[in-house]
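The structure appears below as C-alpha coordinates.
The values are calculated or read from the model by the stated rules, or taken from the named source; none is laboratory data. All of these numbers come straight from a predicted model, not from anything done at the bench. Cβ placement follows ideal geometry from the backbone for every residue including glycine, while neighbour counts extend to all protein chains displayed. Only protein heavy atoms, including side chains, enter the accessible area calculation; ligands, DNA and RNA are left aside. Shrake-Rupley method; radii C 1.70, N 1.55, O 1.52, S 1.80 Å.
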Amino acid sequence: MENERGSWSSNIGFLLAAIGSAVGLGNIWGFPYKMGANGGFAFLLVYVIMAIMVGFVIMVSEIAIGRKTGKGIIEAYREYSKGSTWIGYLGLIIPVIIMFFYSVLGAYCIEYIAVNLCNLGFNTVSASGADLFTAMLTNPVGSIVYTFIFLAGCYAIVKSGISGGIEKFNKVGMPALFVMLMVVIIRSVTLPGATEGLKFMFVPNFTYLGENFIKVLSVASGQMFFSLSLAMGIMVTFGSYLSKKESIVQNAGIIAFSDTLVAILAGVAVLPAAFALGGEDAAMSGPKLLFITLQDVFGAMGSVVGPLFGVCFYTLVLIAAITSAISLTEVAATAYEDNCNKKGKTPHRTRATFIVCLIIFAGGAIVAADGLGSNGLWVPFQKTFGINGWNDCWLDFFDFISEGVLMPFVALVTSILVGWIKKPSSIFEEVETEGNKFTGYGLFKFCIKFFVPVATIFILIGQIDTFFQLGIF
Ligand code: PHE
(Lines give C-alpha, C1' and ligand atoms only; values in the text may rest on other atoms or scores of the structure.)
Protein backbone atom coordinates (compact mmCIF):
# COMPACT_ATOMS: atom_id res chain seq x y z
CA MET A 1 0.00 0.00 0.00
CA GLU A 2 2.79 2.41 0.98
CA ASN A 3 4.44 2.01 -2.40
CA GLU A 4 1.24 2.22 -4.40
CA ARG A 5 0.53 5.64 -2.94
CA GLY A 6 4.00 7.02 -3.45
CA SER A 7 5.76 8.98 -0.75
CA TRP A 8 8.05 11.95 -0.30
CA SER A 9 11.46 11.25 -1.76
CA SER A 10 12.97 12.96 1.29
CA ASN A 11 11.83 14.67 4.47
CA ILE A 12 12.76 18.01 3.01
CA GLY A 13 10.19 17.28 0.32
CA PHE A 14 7.50 16.88 2.97
CA LEU A 15 8.60 20.00 4.80
CA LEU A 16 8.76 22.15 1.71
CA ALA A 17 5.35 20.99 0.58
CA ALA A 18 3.83 21.62 4.00
CA ILE A 19 5.50 25.03 4.26
CA GLY A 20 4.55 25.70 0.66
CA SER A 21 0.96 24.91 1.54
CA ALA A 22 1.01 27.05 4.65
CA VAL A 23 2.76 30.05 3.16
CA GLY A 24 0.40 31.60 0.69
CA LEU A 25 -2.01 34.41 0.05
CA GLY A 26 -3.06 34.09 3.67
CA ASN A 27 0.36 35.30 4.73
CA ILE A 28 1.01 37.89 2.08
CA TRP A 29 -2.45 39.19 1.26
CA GLY A 30 -4.49 38.30 4.36
CA PHE A 31 -2.14 38.77 7.31
CA PRO A 32 -1.00 42.36 6.60
CA TYR A 33 -4.47 43.68 5.87
CA LYS A 34 -6.06 41.95 8.87
CA MET A 35 -3.27 43.15 11.09
CA GLY A 36 -3.72 46.66 9.68
CA ALA A 37 -7.44 46.62 10.36
CA ASN A 38 -7.20 45.05 13.83
CA GLY A 39 -4.87 47.15 15.86
CA GLY A 40 -1.43 46.06 14.62
CA PHE A 41 0.37 44.85 17.72
CA ALA A 42 -2.85 43.55 19.35
CA PHE A 43 -3.46 41.31 16.38
CA LEU A 44 0.13 40.10 16.27
CA LEU A 45 0.12 39.16 19.94
CA VAL A 46 -3.12 37.18 19.79
CA TYR A 47 -2.05 35.55 16.55
CA VAL A 48 1.22 34.25 17.97
CA ILE A 49 -0.39 32.92 21.17
CA MET A 50 -3.11 31.14 19.19
CA ALA A 51 -0.59 29.72 16.73
CA ILE A 52 1.29 28.08 19.60
CA MET A 53 -1.59 26.97 21.82
CA VAL A 54 -4.10 26.01 19.15
CA GLY A 55 -2.44 25.86 15.74
CA PHE A 56 0.58 23.82 16.71
CA VAL A 57 -1.52 21.40 18.76
CA ILE A 58 -3.99 20.76 15.95
CA MET A 59 -1.15 20.41 13.48
CA VAL A 60 0.60 17.70 15.53
CA SER A 61 -2.72 15.86 15.86
CA GLU A 62 -3.49 16.03 12.16
CA ILE A 63 -0.06 14.90 10.99
CA ALA A 64 -0.19 12.05 13.51
CA ILE A 65 -3.65 10.93 12.36
CA GLY A 66 -2.44 11.00 8.76
CA ARG A 67 0.71 9.02 9.44
CA LYS A 68 -0.95 6.54 11.77
CA THR A 69 -3.53 5.58 9.18
CA GLY A 70 -1.51 6.20 6.04
CA LYS A 71 -4.66 7.40 4.29
CA GLY A 72 -6.16 10.51 2.74
CA ILE A 73 -8.62 12.54 4.74
CA ILE A 74 -11.82 10.49 4.56
CA GLU A 75 -10.30 7.06 5.07
CA ALA A 76 -7.95 8.48 7.71
CA TYR A 77 -10.81 9.68 9.90
CA ARG A 78 -12.78 6.47 9.28
CA GLU A 79 -9.83 4.41 10.45
CA TYR A 80 -8.87 6.69 13.36
CA SER A 81 -12.32 6.62 14.85
CA LYS A 82 -15.34 4.88 13.36
CA GLY A 83 -17.94 7.55 13.95
CA SER A 84 -15.82 10.42 12.68
CA THR A 85 -15.82 9.85 8.92
CA TRP A 86 -18.06 12.87 8.55
CA ILE A 87 -15.21 15.11 9.74
CA GLY A 88 -13.27 13.77 6.78
CA TYR A 89 -16.06 14.71 4.38
CA LEU A 90 -16.35 18.13 5.92
CA GLY A 91 -12.61 18.55 5.64
CA LEU A 92 -12.90 17.71 1.98
CA ILE A 93 -15.43 20.43 1.24
CA ILE A 94 -13.40 23.22 2.88
CA PRO A 95 -10.44 23.26 0.46
CA VAL A 96 -12.83 23.32 -2.47
CA ILE A 97 -14.68 26.34 -1.04
CA ILE A 98 -11.37 28.07 -0.31
CA MET A 99 -10.24 27.44 -3.86
CA PHE A 100 -13.35 29.23 -5.16
CA PHE A 101 -11.82 32.52 -4.05
CA TYR A 102 -8.18 31.53 -3.82
CA SER A 103 -8.04 30.87 -7.55
CA VAL A 104 -9.43 34.35 -8.21
CA LEU A 105 -6.85 36.03 -5.95
CA GLY A 106 -4.20 34.01 -7.80
CA ALA A 107 -5.68 35.31 -11.03
CA TYR A 108 -5.36 38.91 -9.79
CA CYS A 109 -1.67 38.29 -9.15
CA ILE A 110 -1.20 37.12 -12.73
CA GLU A 111 -2.99 40.23 -13.98
CA TYR A 112 -0.74 42.46 -11.87
CA ILE A 113 2.37 40.75 -13.18
CA ALA A 114 1.09 41.32 -16.71
CA VAL A 115 0.30 44.99 -16.05
CA ASN A 116 3.68 45.68 -14.49
CA LEU A 117 5.41 43.92 -17.35
CA CYS A 118 3.56 46.15 -19.80
CA ASN A 119 4.57 49.27 -17.84
CA LEU A 120 8.23 48.33 -17.85
CA GLY A 121 10.38 51.03 -19.38
CA PHE A 122 7.53 53.30 -20.44
CA ASN A 123 7.92 56.85 -19.34
CA THR A 124 4.24 57.34 -18.87
CA VAL A 125 2.79 57.77 -15.41
CA SER A 126 1.15 54.43 -14.83
CA ALA A 127 -2.40 54.29 -13.48
CA SER A 128 -2.81 54.48 -9.71
CA GLY A 129 -3.27 51.25 -7.80
CA ALA A 130 -6.90 52.13 -7.12
CA ASP A 131 -7.71 52.74 -10.80
CA LEU A 132 -5.96 49.60 -11.81
CA PHE A 133 -7.75 47.52 -9.25
CA THR A 134 -11.17 48.91 -10.15
CA ALA A 135 -10.54 48.34 -13.84
CA MET A 136 -9.64 44.75 -13.09
CA LEU A 137 -12.60 44.07 -10.83
CA THR A 138 -15.09 45.49 -13.30
CA ASN A 139 -13.83 43.31 -16.10
CA PRO A 140 -15.45 39.96 -15.30
CA VAL A 141 -14.41 38.24 -18.52
CA GLY A 142 -10.76 39.11 -17.95
CA SER A 143 -10.91 37.86 -14.36
CA ILE A 144 -12.56 34.62 -15.42
CA VAL A 145 -9.92 34.03 -18.10
CA TYR A 146 -7.08 34.63 -15.62
CA THR A 147 -8.77 32.35 -13.08
CA PHE A 148 -8.83 29.68 -15.76
CA ILE A 149 -5.11 30.19 -16.42
CA PHE A 150 -4.30 29.93 -12.71
CA LEU A 151 -6.29 26.71 -12.38
CA ALA A 152 -4.75 25.24 -15.52
CA GLY A 153 -1.35 25.71 -13.85
CA CYS A 154 -2.53 23.94 -10.69
CA TYR A 155 -3.96 21.11 -12.73
CA ALA A 156 -0.69 20.60 -14.61
CA ILE A 157 1.30 20.36 -11.37
CA VAL A 158 -1.07 18.23 -9.29
CA LYS A 159 -1.73 15.66 -11.99
CA SER A 160 2.00 14.79 -12.07
CA GLY A 161 1.71 13.28 -8.60
CA ILE A 162 3.36 13.81 -5.29
CA SER A 163 7.11 13.73 -5.88
CA GLY A 164 7.05 14.54 -9.58
CA GLY A 165 5.00 17.68 -9.34
CA ILE A 166 4.57 19.24 -5.93
CA GLU A 167 7.99 18.42 -4.57
CA LYS A 168 9.93 19.68 -7.58
CA PHE A 169 7.94 22.87 -7.76
CA ASN A 170 8.44 23.66 -4.09
CA LYS A 171 12.19 23.10 -4.12
CA VAL A 172 12.60 26.07 -6.42
CA GLY A 173 9.56 28.10 -5.49
CA MET A 174 10.06 28.41 -1.74
CA PRO A 175 13.64 29.74 -1.62
CA ALA A 176 12.87 32.14 -4.48
CA LEU A 177 9.93 33.46 -2.53
CA PHE A 178 12.03 34.16 0.53
CA VAL A 179 14.67 36.08 -1.41
CA MET A 180 12.10 38.23 -3.20
CA LEU A 181 10.32 39.01 0.05
CA MET A 182 13.57 40.33 1.52
CA VAL A 183 14.08 42.64 -1.43
CA VAL A 184 10.62 44.20 -1.06
CA ILE A 185 11.11 44.60 2.71
CA ILE A 186 14.29 46.61 2.20
CA ARG A 187 12.42 48.96 -0.13
CA SER A 188 9.44 49.25 2.17
CA VAL A 189 11.22 50.04 5.43
CA THR A 190 13.52 52.61 3.83
CA LEU A 191 10.62 54.74 2.58
CA PRO A 192 10.29 58.05 4.45
CA GLY A 193 7.65 57.65 7.16
CA ALA A 194 7.94 53.87 7.29
CA THR A 195 8.88 53.81 10.98
CA GLU A 196 5.29 54.63 11.93
CA GLY A 197 4.27 51.33 10.37
CA LEU A 198 6.94 49.43 12.30
CA LYS A 199 5.82 51.05 15.54
CA PHE A 200 2.21 50.12 14.79
CA MET A 201 3.26 46.50 14.38
CA PHE A 202 5.71 46.04 17.20
CA VAL A 203 5.24 48.61 19.98
CA PRO A 204 2.99 47.09 22.67
CA ASN A 205 -0.39 48.79 22.91
CA PHE A 206 -3.00 47.02 24.98
CA THR A 207 -5.79 49.58 24.83
CA TYR A 208 -7.03 48.42 21.45
CA LEU A 209 -6.87 44.79 22.52
CA GLY A 210 -8.85 45.46 25.68
CA GLU A 211 -11.64 47.15 23.75
CA ASN A 212 -11.89 44.67 20.89
CA PHE A 213 -10.78 41.40 22.42
CA ILE A 214 -13.29 38.95 20.92
CA LYS A 215 -13.11 40.53 17.49
CA VAL A 216 -9.32 40.41 17.45
CA LEU A 217 -9.40 36.86 18.84
CA SER A 218 -11.74 35.59 16.14
CA VAL A 219 -10.12 37.37 13.21
CA ALA A 220 -6.59 36.45 14.28
CA SER A 221 -7.57 32.84 14.97
CA GLY A 222 -9.48 32.34 11.72
CA GLN A 223 -6.47 33.76 9.95
CA MET A 224 -4.20 31.40 11.90
CA PHE A 225 -6.18 28.26 10.90
CA PHE A 226 -6.22 29.41 7.32
CA SER A 227 -2.57 30.33 7.25
CA LEU A 228 -1.33 27.11 8.84
CA SER A 229 -3.53 25.08 6.43
CA LEU A 230 -5.28 23.40 9.34
CA ALA A 231 -8.68 21.84 9.92
CA MET A 232 -9.25 20.64 6.40
CA GLY A 233 -7.22 17.51 5.94
CA ILE A 234 -4.14 18.98 4.33
CA MET A 235 -1.83 18.07 7.18
CA VAL A 236 -3.59 14.70 7.47
CA THR A 237 -2.95 14.08 3.80
CA PHE A 238 0.68 15.18 3.91
CA GLY A 239 1.24 13.23 7.14
CA SER A 240 -0.01 10.09 5.43
CA TYR A 241 3.04 10.25 3.18
CA LEU A 242 5.50 10.91 6.03
CA SER A 243 8.10 8.36 7.08
CA LYS A 244 7.76 6.80 10.55
CA LYS A 245 11.34 7.80 11.33
CA GLU A 246 10.52 11.49 11.30
CA SER A 247 9.68 13.53 14.38
CA ILE A 248 6.17 14.91 14.05
CA VAL A 249 6.65 17.50 16.79
CA GLN A 250 9.80 18.88 15.23
CA ASN A 251 8.30 19.00 11.76
CA ALA A 252 5.13 20.71 12.99
CA GLY A 253 7.27 23.21 14.88
CA ILE A 254 9.28 24.07 11.78
CA ILE A 255 6.13 24.47 9.66
CA ALA A 256 4.33 26.67 12.18
CA PHE A 257 7.42 28.77 12.81
CA SER A 258 8.21 29.34 9.12
CA ASP A 259 4.63 30.21 8.32
CA THR A 260 4.40 32.75 11.12
CA LEU A 261 7.76 34.20 10.19
CA VAL A 262 6.71 34.73 6.57
CA ALA A 263 3.43 36.31 7.66
CA ILE A 264 5.27 38.79 9.90
CA LEU A 265 7.79 39.48 7.15
CA ALA A 266 4.93 40.13 4.73
CA GLY A 267 3.53 42.53 7.30
CA VAL A 268 6.89 44.31 7.39
CA ALA A 269 6.88 44.42 3.60
CA VAL A 270 3.38 45.87 3.34
CA LEU A 271 2.42 47.90 6.42
CA PRO A 272 5.37 50.34 6.68
CA ALA A 273 4.90 51.07 2.97
CA ALA A 274 1.20 51.70 3.53
CA PHE A 275 1.98 54.06 6.42
CA ALA A 276 4.62 55.86 4.40
CA LEU A 277 2.21 56.44 1.52
CA GLY A 278 -1.15 57.03 3.08
CA GLY A 279 -0.85 56.84 6.86
CA GLU A 280 -2.97 54.71 9.14
CA ASP A 281 -6.04 54.94 6.92
CA ALA A 282 -4.17 53.28 4.09
CA ALA A 283 -2.97 50.54 6.43
CA MET A 284 -6.56 49.88 7.49
CA SER A 285 -7.94 49.70 3.98
CA GLY A 286 -8.74 45.98 4.12
CA PRO A 287 -8.56 43.31 1.41
CA LYS A 288 -7.47 45.74 -1.27
CA LEU A 289 -4.30 46.71 0.63
CA LEU A 290 -2.02 44.40 -1.28
CA PHE A 291 -3.35 45.32 -4.68
CA ILE A 292 -3.70 49.08 -4.26
CA THR A 293 -1.18 50.34 -1.72
CA LEU A 294 1.73 48.29 -2.89
CA GLN A 295 1.06 48.98 -6.52
CA ASP A 296 1.28 52.67 -5.62
CA VAL A 297 4.58 52.03 -3.87
CA PHE A 298 5.90 50.50 -7.07
CA GLY A 299 4.30 53.26 -9.14
CA ALA A 300 6.24 55.87 -7.19
CA MET A 301 9.56 54.20 -7.86
CA GLY A 302 10.15 55.29 -11.41
CA SER A 303 9.36 53.81 -14.79
CA VAL A 304 11.92 51.03 -14.76
CA VAL A 305 12.57 50.15 -11.13
CA GLY A 306 8.89 50.42 -10.16
CA PRO A 307 7.45 47.94 -12.61
CA LEU A 308 10.47 45.69 -12.04
CA PHE A 309 9.73 45.58 -8.32
CA GLY A 310 6.08 45.07 -9.19
CA VAL A 311 6.82 42.09 -11.40
CA CYS A 312 9.12 40.56 -8.74
CA PHE A 313 6.67 41.10 -5.93
CA TYR A 314 3.54 39.81 -7.60
CA THR A 315 5.52 36.85 -8.95
CA LEU A 316 6.44 36.12 -5.36
CA VAL A 317 2.83 36.26 -4.31
CA LEU A 318 1.86 34.06 -7.25
CA ILE A 319 4.46 31.42 -6.33
CA ALA A 320 3.14 31.39 -2.77
CA ALA A 321 -0.42 31.13 -4.08
CA ILE A 322 0.38 28.24 -6.39
CA THR A 323 2.18 26.15 -3.77
CA SER A 324 -0.87 26.57 -1.51
CA ALA A 325 -3.40 25.99 -4.26
CA ILE A 326 -1.78 22.74 -5.30
CA SER A 327 -2.04 21.46 -1.75
CA LEU A 328 -5.71 22.41 -1.63
CA THR A 329 -6.31 20.51 -4.84
CA GLU A 330 -4.18 17.60 -3.65
CA VAL A 331 -6.48 16.82 -0.71
CA ALA A 332 -9.38 16.06 -2.99
CA ALA A 333 -7.23 14.18 -5.50
CA THR A 334 -5.72 11.92 -2.80
CA ALA A 335 -9.14 11.19 -1.32
CA TYR A 336 -10.37 10.15 -4.77
CA GLU A 337 -7.35 7.89 -5.31
CA ASP A 338 -7.83 6.23 -1.93
CA ASN A 339 -11.45 5.63 -2.77
CA CYS A 340 -10.44 3.87 -6.00
CA ASN A 341 -7.81 1.79 -4.18
CA LYS A 342 -10.41 0.76 -1.64
CA LYS A 343 -12.79 -0.40 -4.34
CA GLY A 344 -9.97 -2.29 -6.05
CA LYS A 345 -10.01 0.02 -9.09
CA THR A 346 -6.94 1.68 -10.58
CA PRO A 347 -6.94 5.34 -9.59
CA HIS A 348 -6.73 7.83 -12.42
CA ARG A 349 -4.93 10.79 -11.01
CA THR A 350 -5.31 12.87 -14.12
CA ARG A 351 -9.05 12.35 -14.18
CA ALA A 352 -9.40 13.04 -10.45
CA THR A 353 -7.42 16.26 -10.73
CA PHE A 354 -9.39 17.33 -13.77
CA ILE A 355 -12.77 16.86 -12.09
CA VAL A 356 -11.62 18.71 -8.96
CA CYS A 357 -10.29 21.63 -11.00
CA LEU A 358 -13.49 21.81 -13.03
CA ILE A 359 -15.63 22.09 -9.91
CA ILE A 360 -13.32 24.78 -8.55
CA PHE A 361 -13.53 26.67 -11.81
CA ALA A 362 -17.33 26.73 -11.60
CA GLY A 363 -17.20 28.42 -8.17
CA GLY A 364 -14.18 30.55 -9.08
CA ALA A 365 -16.01 31.96 -12.09
CA ILE A 366 -18.75 33.32 -9.82
CA VAL A 367 -16.23 35.01 -7.52
CA ALA A 368 -14.32 36.37 -10.52
CA ALA A 369 -17.47 37.72 -12.17
CA ASP A 370 -18.52 39.31 -8.89
CA GLY A 371 -15.25 41.31 -8.67
CA LEU A 372 -15.42 41.85 -4.88
CA GLY A 373 -19.00 43.00 -5.25
CA SER A 374 -18.26 45.57 -7.98
CA ASN A 375 -20.52 44.03 -10.56
CA GLY A 376 -23.75 43.77 -8.61
CA LEU A 377 -24.13 40.00 -8.57
CA TRP A 378 -26.62 38.63 -6.07
CA VAL A 379 -24.91 37.20 -2.96
CA PRO A 380 -26.48 34.93 -0.30
CA PHE A 381 -27.59 36.86 2.81
CA GLN A 382 -27.13 40.08 0.86
CA LYS A 383 -28.15 43.17 2.79
CA THR A 384 -30.11 41.00 5.17
CA PHE A 385 -28.26 41.86 8.31
CA GLY A 386 -28.03 45.50 9.20
CA ILE A 387 -26.92 48.57 7.32
CA ASN A 388 -23.26 48.18 8.17
CA GLY A 389 -23.39 44.59 6.98
CA TRP A 390 -20.48 42.68 5.59
CA ASN A 391 -18.97 43.39 2.21
CA ASP A 392 -21.76 41.79 0.22
CA CYS A 393 -19.43 39.93 -2.07
CA TRP A 394 -18.97 36.30 -2.99
CA LEU A 395 -15.35 36.29 -1.87
CA ASP A 396 -16.36 37.32 1.65
CA PHE A 397 -19.18 34.83 1.66
CA PHE A 398 -16.97 31.86 0.78
CA ASP A 399 -14.25 33.13 3.11
CA PHE A 400 -16.73 33.36 5.96
CA ILE A 401 -18.05 29.84 5.39
CA SER A 402 -14.62 28.25 5.14
CA GLU A 403 -12.27 30.24 7.34
CA GLY A 404 -14.90 31.75 9.61
CA VAL A 405 -17.15 28.81 10.38
CA LEU A 406 -16.04 25.43 9.03
CA MET A 407 -12.37 25.59 10.02
CA PRO A 408 -12.90 26.56 13.66
CA PHE A 409 -15.70 23.99 13.77
CA VAL A 410 -13.50 21.18 12.41
CA ALA A 411 -10.78 22.23 14.87
CA LEU A 412 -13.34 22.06 17.67
CA VAL A 413 -14.54 18.56 16.79
CA THR A 414 -10.96 17.39 16.20
CA SER A 415 -10.01 18.54 19.68
CA ILE A 416 -12.99 16.73 21.20
CA LEU A 417 -12.19 13.60 19.21
CA VAL A 418 -8.49 13.59 20.08
CA GLY A 419 -8.76 15.02 23.60
CA TRP A 420 -11.82 13.22 24.92
CA ILE A 421 -12.91 10.34 22.69
CA LYS A 422 -9.72 8.71 21.43
CA LYS A 423 -7.61 10.37 24.16
CA PRO A 424 -4.33 12.25 23.63
CA SER A 425 -2.42 8.99 24.17
CA SER A 426 -3.48 7.90 20.67
CA ILE A 427 -1.42 10.79 19.28
CA PHE A 428 1.37 10.23 21.80
CA GLU A 429 1.89 6.65 20.56
CA GLU A 430 2.15 7.73 16.96
CA VAL A 431 4.54 10.58 17.74
CA GLU A 432 6.81 8.35 19.80
CA THR A 433 7.19 5.55 17.22
CA GLU A 434 10.74 4.60 16.23
CA GLY A 435 12.38 6.29 19.20
CA ASN A 436 11.09 9.84 18.68
CA LYS A 437 10.30 11.90 21.77
CA PHE A 438 7.11 13.91 22.33
CA THR A 439 8.54 16.98 24.05
CA GLY A 440 5.88 19.13 25.69
CA TYR A 441 3.27 16.36 25.85
CA GLY A 442 1.84 17.78 29.09
CA LEU A 443 1.09 21.11 27.46
CA PHE A 444 -0.27 19.36 24.38
CA LYS A 445 -2.69 17.38 26.56
CA PHE A 446 -3.91 20.49 28.36
CA CYS A 447 -4.39 22.44 25.15
CA ILE A 448 -6.18 19.74 23.16
CA LYS A 449 -8.53 18.89 26.02
CA PHE A 450 -9.36 22.35 27.39
CA PHE A 451 -7.82 25.32 25.66
CA VAL A 452 -8.66 24.46 22.03
CA PRO A 453 -12.35 23.63 22.60
CA VAL A 454 -12.99 26.76 24.68
CA ALA A 455 -11.04 29.02 22.31
CA THR A 456 -12.73 27.65 19.17
CA ILE A 457 -16.20 28.19 20.65
CA PHE A 458 -15.34 31.87 21.27
CA ILE A 459 -13.83 32.14 17.81
CA LEU A 460 -17.01 30.77 16.22
CA ILE A 461 -19.26 33.14 18.12
CA GLY A 462 -16.94 36.06 17.35
CA GLN A 463 -16.88 35.23 13.63
CA ILE A 464 -20.65 34.99 13.36
CA ASP A 465 -21.00 38.21 15.33
CA THR A 466 -18.62 40.10 13.05
CA PHE A 467 -20.03 38.71 9.82
CA PHE A 468 -23.65 39.42 10.55
CA GLN A 469 -22.89 42.57 12.56
CA LEU A 470 -24.96 41.25 15.46
CA GLY A 471 -23.21 43.39 18.03
CA ILE A 472 -22.97 40.65 20.67
CA PHE A 473 -19.51 41.81 21.66
N1 PHE B 1 -2.35 28.44 4.10
C2 PHE B 1 -2.58 29.04 2.84
C3 PHE B 1 -2.35 30.51 2.88
O4 PHE B 1 -2.02 31.04 3.89
C5 PHE B 1 -3.95 28.81 2.31
C6 PHE B 1 -4.40 27.48 2.50
C7 PHE B 1 -5.42 27.29 3.33
C8 PHE B 1 -3.76 26.46 1.88
C9 PHE B 1 -5.82 26.03 3.58
C10 PHE B 1 -4.16 25.22 2.11
C11 PHE B 1 -5.18 25.00 2.97
O12 PHE B 1 -2.51 31.17 1.91
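Remarks
- Test: Ile234 is open to solvent by 30 Å² or more (accessible area, probe 1.4 Å), of a type in the set (Val, Ile, Thr), more than 19 Å from Tyr33 (Cα to Cα) and within 16 Å of the ligand (Cβ to nearest atom): no
- Of all residues in the stretch 339-367, those satisfying the criterion of being surrounded by 15 or more Cβ atoms within 10 Å (Cβ to Cβ) and among the small types (Gly, Ala, Ser) are Ala352, Gly363, Gly364, Ala365.
- Test for Ile49: is it free of Cβ contacts under 8 Å to residues at least 12 places away in the same chain and either aliphatic (A, V, I, L, M) or within 16 Å of the ligand (Cβ to nearest atom) (or both): yes
- Annotation: of all residues in the stretch 391-407 being part of a helix (DSSP H, G or I) and of a type in the set (Asp, Glu), the one that is surrounded by the most Cβ atoms within 10 Å (Cβ to Cβ) is Glu403.
- Residue check, Ser240 hydroxyl-bearing (Ser, Thr, Tyr), more than 23 Å from Phe41 (Cα to Cα) and at pLDDT below 90: yes
- There is no residue in the stretch 214-223 that is assigned to a loop (DSSP other than H, G, I, E, B) and either surrounded by fewer than 21 Cβ atoms within 10 Å (Cβ to Cβ) or without any contact (Cβ under 8 Å) to a residue 60 or more places away in the chain (or both).
- Cβ-Cβ contacts under 6 Å between residues 6 or more apart (or on different chains), taken from a first residue in the stretch 20-33 that is near the ligand (Cβ under 6 Å from one of its atoms) to a second residue that is open to solvent by less than 10 Å² (accessible area, probe 1.4 Å) and modelled with pLDDT under 90, are listed as Ser21/Ile234; Ser21/Ser327; Gly24/Ala320.
- Here Leu191 passes the criteria (1) out of contact with any Phe, Trp or Tyr (no Cβ under 8 Å at 6 or more places or on another chain); (2) within 16 Å of the ligand (Cβ to nearest atom); (3) touching a residue at least 12 places away in the same chain (Cβ under 8 Å) except the one numbered (2).
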